[in-house]
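For reference, the structure is listed below as structure tokens.
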Amino acid sequence: MTAGANRLLLEQIQHAAASAGLDAVGVTDTAPFAQARRAIDERKAAGLHAGMWFTYGRPERSTTPAGIQAGARSIVVCARRYEPPDPHTSEGSGTAHSGSGAVAAYVASDAYGVLRAGLERICEVLRRNGYDAVAVCDDNRLVDRAAAARAGLGWLGHNTMLLSRELGSWTVLGSVVTTAELPRSGEVQTDGCGTCRRCQTACPTGALDTAGVLDANRCLAWLVQAPGVFPPEYRVALGDRLYGCDDCQTVCPFNDAPVASARSQPVEFGLGRDGATRGGSVGVVELLQMTDDDLMAAFGHWYIPRRRPEYLRRNALVVLGNVGDPGSPAVEEMLRMSLSSGSDLVAAHAVWAARRLGRDELVAEARSVGLGNHDPDGLVAAELARPVPRKG
Ligand code: B12
Ligand code: SF4
Ligand code: SF4
């Protein structure tokens, strides 16, 4: 293929991306991502990955893009911007409306849907021109941010986000791995963070104490997705966050600038139930009232550990303990119901929530009718023995 034909194909790709609503496109080669491989190996060795698999499961595979498509010559990397959290509906700071859980901004938009559709359009262009092409997005086979950085879409910030001067960091990323030899994008962007540490200081749990290195054991975005008991030491810090955390992005100065190229339209996040959602937030009482089937129908598109709805209830109870109104009859009813749950995990977190809200009598009442009698893993017993910081 001649250089001219190459350029023409790239123009077709850029056109397809732009008409599909993608905000940035870059191209890199298919050499292994050595720095990302080192970062994964080091984090695993230090236990900073907290048992996550994703790209950590098989690091050699996730950092060797040539393995995704036989004969691959180029990676087309794309970004789609989404709307930042609306401070009026979702604060993500532990201070939102009573009984309301914050949902991260990327969930409240359809950014991944738009991005995936755009990547497929690019694949079609490449296939029409006789090339093989595979789209990968948020996939265990590729470390997306390393690809985006090398394709010149931005630099890796101290919060580990791919950050660009034009788009900020409210973006999702995806790639097309193809056998076409395409012209490479410009230079890799240099570190724009400089001496700034705003994200590191803003992180409510100190998960970014080392610049550019995320300790997943402390990251709230991971802890709401992790299986097991929610670590007691981070429950108060969770505040109102029901799903995801945006704090290390909201404080970033590169997210302040008006973004001329933003095309994303906010998509109302909906449960299809009156009063249950308010933009990027979800009523936790309403959530706890739902049946397991309804919960999965409404939130099944979230990452829920082992696909078990009790984990949604676990997170909702921690949020309820932090932001619920202790005097509300609806809160009381939900605490009662959760204390008598057949799931020890749910009952244990209900003990914490009730005591945090100063409703110890509900726990005593539940114990008198059997709370903790069936507790094979000692989850309820551990909660009963644990001191609980009262809501101020
Ligand atoms: C596992 C994972 C998580 C984990 C761990 C994240 C992490 N930082 O490791 C958890 C659950 C915590 C998480 C949270 C979030 N995630 Co996530 N996640 C992933 C996933 C699946 C893999 C990430 C990965 O491979 N990490 C391995 C490490 C080694 O790589 P890295 O995080 O990119 O880190 C780089 C830097 O740390 C840098 N580095 C290393 N040392 C140093 C030192 C210095 C000084 C510097 C500056 C940099 C630096 O090199 C590393 C490799 O390139 C990707 C999708 C994918 N397939 O890639 C999405 C992805 C990274 N997540 C994404 C998003 C949107 C989020 C959240 C914003 C969601 C939310 N609101 O809750 C948060 C942000 C938290 C944060 N600050 O990272 C986007 C990020 C888009 C962007 N613009 O950067 C991705 C790319 C998904 C996508 N396809 O769009 N995520
Ligand atoms: S997502 Fe939240 S908890 Fe995780 S590093 Fe960023 S600010 Fe900290
Ligand atoms: S807040 Fe500052 S240090 Fe953190 S990513 Fe943004 S510019 Fe970099």
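The values are calculated or read from the model by the stated rules, or taken from the named source; none is laboratory data. Remember, it's a predicted structure, so these values are computed and weren't measured experimentally. Please note: Cβ atoms are built from the backbone with ideal geometry, for glycine as well, and neighbour counts cover all protein chains shown.
Of note:
- Selection over region 354-385 of residues that are touching a Pro at 6+ places or on another chain (Cβ under 7 Å) and either at positive phi or outside the structural domain of MET334 (by TED's automatic domain parsing) (or both) gives a count of 1.
- The residue pairs whose first member lies in region 231-255 and is closer than 23 Å to LEU167 by Cβ, whose second member is of a type in the set (Lys, Arg) and away from ligand 1 (no atom under 11 Å from the Cβ), and whose beta carbons are closer than 9 Å, counting only pairs six or more residues apart or on different chains, are CYS248/ARG198; VAL251/ARG198; CYS252/ARG198; PRO253/ARG198; PHE254/ARG165.
- Residues of region 129-154 classified as among the charged types (D, E, K, R) and at positive phi, total: 1
- One residue stands out among those in region 98-137 that are β-branched (Val, Ile, Thr) and part of a helix (DSSP H, G or I): the one that is nearest to VAL236 (Cα to Cα), which is VAL114.
- Yes/no for ASP240 being within 13 Å of ligand 3 (Cβ to nearest atom) and of a type in the set (Asp, Glu): no
- Criterion (of a type outside the set (Lys, Arg) and at pLDDT 95 or above) met by exactly one of GLY99, GLY47, GLY51: GLY47
- Listing of helices (runs of 4 or more DSSP H) fully contained in region 327-392 that carry 3 or more residues being within 28 Å of the chain's Cα centre (by Cα) and within 21 Å of GLY283 (Cβ to Cβ): 329-339, 344-356
- Filtering ALA207, ALA148, ALA237 for residues that are surrounded by fewer than 23 Cβ atoms within 10 Å (Cβ to Cβ) and either within 11 Å of ligand 2 (Cβ to nearest atom) or within 28 Å of ASP86 (Cα to Cα) (or both) leaves a single hit, ALA237.
- Filtered residues of region 14-53 (kept if of a type outside the set (D, E, K, R), touching a residue at least 40 places away in the same chain (Cβ under 8 Å), surrounded by 15 or more Cβ atoms within 10 Å (Cβ to Cβ) and in a helix (DSSP H, G or I)): ALA16, ALA17, ALA36, ALA39, ILE40
- Some residue of region 155-178 being within 16 Å of ligand 2 (Cβ to nearest atom), touching a Leu at 6+ places or on another chain (Cβ under 8 Å) and on the phi > 0 side of the Ramachandran plot: yes
- Complete set of residues in region 162-191 that are hydrophobic (A, V, I, L, M, F, W, C), in contact (Cβ under 8 Å) with a residue 40 or more places away in the chain and within 26 Å of CYS123 (Cβ to Cβ): LEU162, LEU167, TRP170, VAL172, LEU173, VAL176, VAL177, ALA180, LEU182
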